[in-house]
Amino acid sequence: MLTNIGTMEIETERLILRRFRYTDDDDMLKYWISDPKIQSLYSEPVYRTKQEVKELLDKYIHSYEKNDFYRWAITLKKTDECIGQIAYFLVDNNNHFAEIEYCIGSLFQRKGFATEATKAVIQYGFDKINLHKVQICHKSINLPSRKVIEKCGFTYEGTLRDFFYQDGKYIDRLYYSILRDEFMSKLKGLK
C-alpha cells in the first residue's frame, strides 16, 4: 500500500526540489517553459506570457492540497533559480508504481542536474511513498534524456512504435523501469 504524502522538499548536493511558487514565473519563462524545443521533447505546450504561466502555477499550487500530487520545481541551491521541473505525473495506487517526467532548461543541460534530480525523486518514491516500481519514458529523438535514464539505473522495457506524430514524422516512445530492490542494491554498491 502506498503512503501518499504529497510534494515535500528534497535537498541534493546542488539542488533543492520544492513546491512551485508564483515567484518562479520569471525563471520558468527565462529558462524552459517558453522554449519550443524543450517543451516539445515532453509534449507540453509553450507558455509565452506571465498570465499563461500564472494559470499553470495556479493548477500546480492548488494541486498541492492533494496528498497524491508530486511535482517539484528544480532549483539551484545557491541561487534558488527554477531551472526545470520533475514530477510523478502518474501514480498508480493499486499497482504501487509511478511514472516520472522531467525537463531542464537548455542552459543547464549536460551538467548532471537532471540525473541528480531524478535519482532523488526515485529515492523519495521508494523511501517515502513506498513505491514498488518507478517507470519513465522518452521520445526516441531525445538522446540526452536516454543518457539520464541509463545513469539512473533504469532497465529498458520496450518501445511503443510511432507513438507521437510531430513535425511531419512519427516518433517512438521508449519505456524503462526500476524496481525498489534494484535501486536499493545499486545504492549499496555505491557505498
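Note on segment 140-174: residues that are closer than 20 Å to F113 by Cβ and assigned to a strand (DSSP E or B) total 0.
Answer yes if at least one residue in segment 155-163 is closer than 19 Å to I38 by Cα and in contact with a Lys or Arg (Cβ under 8 Å, 6 or more places away or on another chain), and no otherwise. Please lay out each step first, then the result.
Initial filter on segment 155-163 (closer than 19 Å to I38 by Cα): 163.
Keeping just the survivors that are in contact with a Lys or Arg (Cβ under 8 Å, 6 or more places away or on another chain) gives 163.
So far as segment 155-163 goes, yes, one or more of its residues are closer than 19 Å to I38 by Cα and in contact with a Lys or Arg (Cβ under 8 Å, 6 or more places away or on another chain).
In segment 175-191, the qualifying residues are those that are farther than 24 Å from F113 by Cβ and of a type in the set (K, R), and the one that is least open to solvent (accessible area, probe 1.4 Å) is R180. Within segment 120-139, restricting attention to residues that are free of Cβ contacts under 8 Å to residues at least 60 places away in the same chain and not in a strand (DSSP E or B), the residue that is farthest from T7 (Cα to Cα) is H132.
Looking for something open to solvent by less than 50 Å² (accessible area, probe 1.4 Å), closer than 29 Å to E9 by Cα and either modelled with pLDDT of 95 or more or touching a Pro at 6+ places or on another chain (Cβ under 9 Å) (or both) - is there at least one such residue anywhere in segment 155-173? No, segment 155-173 contains no residue that is open to solvent by less than 50 Å² (accessible area, probe 1.4 Å), closer than 29 Å to E9 by Cα and either modelled with pLDDT of 95 or more or touching a Pro at 6+ places or on another chain (Cβ under 9 Å) (or both).
Mind checking which residues of segment 119-141 are open to solvent by 20 Å² or more (accessible area, probe 1.4 Å) and more than 16 Å from E157 (Cβ to Cβ)?
Residues of segment 119-141 open to solvent by 20 Å² or more (accessible area, probe 1.4 Å): 119, 123, 127-128, 130, 132-133, 135, 137, 140-141.
K119, Q123, D127, K128, N130, I141 - these are the residues of segment 119-141 that are open to solvent by 20 Å² or more (accessible area, probe 1.4 Å) and more than 16 Å from E157 (Cβ to Cβ).
Scanning segment 175-191 for residues that are at pLDDT 95 or above and either within 23 Å of C103 (Cβ to Cβ) or in a strand (DSSP E or B) (or both) turns up Y175, Y176, S177, I178, L179. A Cβ distance below 6 Å, combined with a sequence gap of six or more or placement on separate chains, defines the contacts here; from segment 1-23, residues that are touching a residue at least 40 places away in the same chain (Cβ under 8 Å) reach residues that are among the polar types (S, T, N, Q) and in a loop (DSSP other than H, G, I, E, B) in the pairs L2/N93; L2/N130; T3/N130; N4/N67; G6/N67; R19/T7. Of the listed requirements (1) among the charged types (D, E, K, R); (2) touching a residue at least 40 places away in the same chain (Cβ under 8 Å); (3) under 24 Å from Y22 (Cβ atoms), R48 misses just one: (2).
The values are calculated or read from the model by the stated rules, or taken from the named source; none is laboratory data. Bear in mind the structure is a predicted one, so any value in this text is a computation, not a measurement. Positions of Cβ are backbone-derived with ideal geometry, glycine not excepted, and every protein chain shown enters the neighbour counts. Note: areas computed on protein heavy atoms with side chains; ligands, DNA, RNA excluded. Shrake-Rupley method; radii C 1.70, N 1.55, O 1.52, S 1.80 Å.
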